[in-house]
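A short worksheet on the structure shown next.
Where a number appears in this text, it was derived from the coordinates with a stated rule and is not lab data. Since the structure is predicted, the reported quantities are computational estimates derived from the model, not experimental observations. Note: ideal-geometry Cβ built from the backbone for every residue, glycine included; neighbour counts use all protein chains shown.
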Amino acid sequence: MDREFLIDLFADFGPVTIRKMFSGYGISADGTNFALSLRAGLFLRADEVTIPDFEAEGSKPFQYSTRAKTVVVNSYWELPARLFDDSAELAQWARAALAAAQRATVTKRPKAKKAAAKKPAKKVAPKKAAAKKRSAHKAAKKTVR
């Protein structure tokens, strides 16, 4: 799927931003990524609210294989094929995917705040840091000899 096809496909949904991502494109609206267009197909963001709809359509979650295993990405599910011919219903599914992506962003925020609340690392002045590096390098040289 090329960029123009994707823009046309989501026309009833509204304006989308298409960005190069992995082996395809990331599709976003209002700065939130809600779909992926990859070699394997078109995948919409899903969560516990929308996954039953995908299951009812016989869709599967996105997955890829590494040398060691197959990884299943349960947060993106394949767009049912029938929706490629029904732009009005595709727009409804896209709105649901955007809502799922926005819900995921809201649940991630508290974790980010916790990380920020941790005690900041002690800052070392640039000159002192360079001096520490040099002395560590000299010590390593002495050990090698």
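With point charges of +1 on the Cβ of Lys and Arg and -1 on the Cβ of Asp and Glu, referenced to the Cα centre of region 3-117, which listed residue (Tyr76, Pro15, Ala88) lies farthest in the positive direction of the dipole?
The Cα lying farthest towards the positive end belongs to Tyr76.
Among Val49, Val16, which comes first, second and so on when ranked by fewest other beta-carbon atoms within 10 Å? Working shown, then result.
Details: Val49 11, Val16 19.
Taking fewest neighbouring Cβ atoms as first place, the list is Val49, Val16.
Give the order of Ile27, Ile7 when sorted by the count of other beta carbons within 10 angstrom, beginning with the fewest. All intermediate terms of the calculation are to be shown ahead of the outcome.
Numbers: Ile27 28, Ile7 14.
So the ranking, lowest neighbour count to highest, is Ile7, Ile27.
Which of Glu55, Glu78 comes first, and how do the rest follow, when ranked by fewest Cβ neighbours within 10 Å? Kindly include the intermediate steps, with their values, before the conclusion.
Numbers: Glu55 13, Glu78 19.
Least crowded to most crowded, the residues run Glu55, Glu78.
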